[in-house]
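Here's the structure, in structure tokens; my notes come after.
The values are calculated or read from the model by the stated rules, or taken from the named source; none is laboratory data. The structure displayed is predicted, hence computed values, not measured ones. All Cβ positions, glycine included, derive from the backbone under ideal geometry; neighbour counts span all protein chains shown.
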Amino acid sequence: MKVNALFLCGMLACAAAAIVVANAQDTDGLHVTAAALQLRGEGGLIPFDHATSWLNSPPLTPADLRGKVVLVDFWTYSCINSLRQLPYLRAWADKYKAQGLVVIGVHAPEFGFEKDIDNVRRAARDLQVDYPVALDSDHFLWRAFQNEYWPALYFIDAQGHIRHHVFGEGEYEKSEALIQQLLVEAGASGIVHEPALVDAGGVEAPAAPFSLVSPENYVGYARTENFESRGGAVPNASHAYSAPAHLALNHWALAGDWTMQDEAVSLNRPGGQIIYRFHARDLHLVMGPAVQGSAVRFRVLVDGHPPGAAHGVDVDDAGRGVVTKARLYQLIRQKNQVTDRQFEIEFLDPGVEAFAFTFG
């Protein structure tokens with residue numbers, strides 16, 4: 001199976017190869033009907049015994065799920081690829097619940113702030129995720145499934161067998177046909193075969209793949225690429241950074257007094273900037289206040305000017321916004337021609353932590 005890295009959030013290393021890959025059947029680009037699908041077994045459903053907690057449901061056991069078709073989604077709430085898949089999961093959970101579908105979101109965090117149950121609970125509420133969510137803060141279920149991707153869907157039949165998987169965004173028509181076929185196999189009736197109605201707006205709107213040239217990039221020193229501030233990174237110490245006069249595409253820099261840690265950069269004094277040369281319709285930045293409950297004001301420029309109509313949902317047309325929670329912020333959504341742009345964000349208050357840029 002081909003996996004497009006632009007439509008997956010960052011991978012965690014996995015010691016063993018994923019058991020499901022060898023049996024995957026790739027029908028990308030084809031109109032899929034349930035009768036055309038030939039599904040193979042990919043192993044048994046892993047019990048959720050080691051989930052650290054649950055949202056929207058008591059803990060679900062194999063006995064609770066017996067006779068149900070189960071769709072397991074590995075996600076994390078700051079991942080743009082997971083966010084763009086959520087409208088489909090919500091629609092399927094609602095449409096097929098009466099026929100026996102159970103959608104279970106396995107929240108496997110990428111960043112430290114995503115291990116906080118209050119953060120995940122708030123994110124699930126804000127994102128209208130009301131199906132069961134198993135919190136996998138220790139990545140036990142991630143390892144048990146031998147998973148490597150956000151998002152990742154696993155399709156389990158009514159006998160508890162994993163029958164298929166989909167890694168990354170897309171394949172929604174195929175995925176819904178898979179759900180319908182497994183429900184028919186389980187004896188469900190009254191299935192409406194037209195696709196579910198999906199409402200995807202804001203950060204959940206599909207990416208613009210033909211204009212997407214910039215890949216995800218982290219800003220902590222452990223995984224960042226193309227960092228161009230003079231003198232390079234100074235790990236785990238307060239340092240006055242300066243930016244070069246020009247940046248190449250997909251390169252970035254800091255200006256001001258920052259501390260670069262392994263997974264984030266933290267601003268020590270007001271006026272710090274992050275500059276990024278990108279090519280995409282959308283630009284997002286995962287960030288949050290270093291102290292919960294505080295707020296950090298910021299201002300965004302594109303090619304030296306306020307974004308105007310190109311502003312994202314988390315800023316106004318003058319480029320102004322406020323960081324109040326640790327999450328993904330959509331800062332730019334271009335409506336006209338997409339080309340190389342220079343993005344700049346200046347923080348008017350100290351105490352922000354920035355983790356990763358993603359694009360769409």
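Can you name the residue in region 324-352 that is assigned to a loop (DSSP other than H, G, I, E, B) and basic (Lys, Arg) and, of all such residues, is modelled with the lowest pLDDT? Give the derivation first.
Step one: list which residues in region 324-352 are assigned to a loop (DSSP other than H, G, I, E, B), which gives 324-326, 334-340, 348-351.
Within this subset, residues satisfying the condition of being basic (Lys, Arg) are 325, 335.
Working: Lys325: 97, Lys335: 91.
Among residues in region 324-352 that are assigned to a loop (DSSP other than H, G, I, E, B) and basic (Lys, Arg), the one modelled with the lowest pLDDT is Lys335.
Anything in region 234-273 that is buried (at least 17 other Cβ atoms within 10 Å of the Cβ) and part of a loop (DSSP other than H, G, I, E, B)? List them, or say none.
Ala243, Leu247, Asn250, His251, Gln261, Glu263, Ala264, Gly272
If Phe140 passes every condition in (1) in contact with a His (Cβ under 7 Å, 6 or more places away or on another chain); (2) within 23 Å of Arg84 (Cα to Cα) but one, which one does it miss?
Failing condition for Phe140: (2).
With the requirement that a residue be touching a helix residue (DSSP H, G or I) at 6+ places or on another chain (Cβ under 9 Å), in contact (Cβ under 8 Å) with a residue 24 or more places away in the chain and among the aliphatic types (A, V, I, L, M), what does region 285-327 give you?
Val286, Val302, Val313, Ala326 - these are the residues of region 285-327 that are touching a helix residue (DSSP H, G or I) at 6+ places or on another chain (Cβ under 9 Å), in contact (Cβ under 8 Å) with a residue 24 or more places away in the chain and among the aliphatic types (A, V, I, L, M).
Of all residues in region 158-179, which are within 20 Å of Pro47 (Cα to Cα) and in a loop (DSSP other than H, G, I, E, B)?
Ala158, Gln159, Gly160
Can you tell which of Gln261, Gln273 is closer than 19 Å to Gly319 by Cα and among the polar types (S, T, N, Q)?
Gln273
Residue by residue, here is whether (1) crowded, with 20+ Cβ neighbours inside 10 Å; (2) within 20 Å of Arg122 (Cα to Cα); (3) not aliphatic (A, V, I, L, M) holds:
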residue: Arg327; (1), (2), (3): yes, yes, yes
residue: Gln330; (1), (2), (3): yes, yes, yes
residue: Thr339; (1), (2), (3): no, no, yes
residue: Gln342; (1), (2), (3): no, no, yes
residue: Phe347; (1), (2), (3): yes, no, yes
residue: Pro350; (1), (2), (3): no, no, yes
residue: Thr358; (1), (2), (3): yes, no, yes
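Suppose we keep only residues that are out of contact with any Lys or Arg (no Cβ under 8 Å at 6 or more places or on another chain) and assigned to a loop (DSSP other than H, G, I, E, B) within region 277-305. Which one would you say is surrounded by the most Cβ atoms within 10 Å (Cβ to Cβ)?
Taking the candidates together, the pick is Ala280.
Filtering region 19-43 down to residues that are in a loop (DSSP other than H, G, I, E, B) and surrounded by fewer than 12 Cβ atoms within 10 Å (Cβ to Cβ), which residue is modelled with the highest pLDDT? It would help to see each step written out before you state the result.
Narrowing region 19-43 to residues in a loop (DSSP other than H, G, I, E, B): 19-20, 24-33, 37-43.
Now restrict to residues that are surrounded by fewer than 12 Cβ atoms within 10 Å (Cβ to Cβ): 25-26, 28-31, 38.
Working: Gln25: 31, Asp26: 31, Asp28: 28, Gly29: 27, Leu30: 25, His31: 26, Gln38: 43.
Across region 19-43, the extreme among qualifying residues is Gln38.
Search region 181-220 for residues being hydrophobic (A, V, I, L, M, F, W, C) and in a helix (DSSP H, G or I), and hand back the single one that is surrounded by the fewest Cβ atoms within 10 Å (Cβ to Cβ).
So, considering only residues that are hydrophobic (A, V, I, L, M, F, W, C) and in a helix (DSSP H, G or I), the one surrounded by the fewest Cβ atoms within 10 Å (Cβ to Cβ) is Phe210.
Quick one: which strands (runs of 3 or more DSSP E) sit completely within region 44-136 and have at least 1 residues that are among the hydroxyl-bearing types (Ser, Thr, Tyr) and in the same structural domain as His164 (by TED's automatic domain parsing)? I'd like the intermediate steps shown before the answer.
Numbers: elements: 53-55, 69-75, 101-107, 133-135.
Output list reads 53-55.
With (1) farther than 27 Å from Phe111 by Cα; (2) in a loop (DSSP other than H, G, I, E, B) as the list, and Asp314 as the residue in question, which single condition is left unmet?
(1)
Quick grid of which residues meet (1) at pLDDT 95 or above; (2) under 19 Å from Glu216 (Cβ atoms); (3) touching an Asp or Glu at 6+ places or on another chain (Cβ under 8 Å):
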{"site": "Arg66", "(1), (2), (3)": "no, no, no"}
{"site": "Val106", "(1), (2), (3)": "yes, no, yes"}
{"site": "Glu110", "(1), (2), (3)": "yes, yes, no"}
{"site": "Phe140", "(1), (2), (3)": "yes, no, no"}
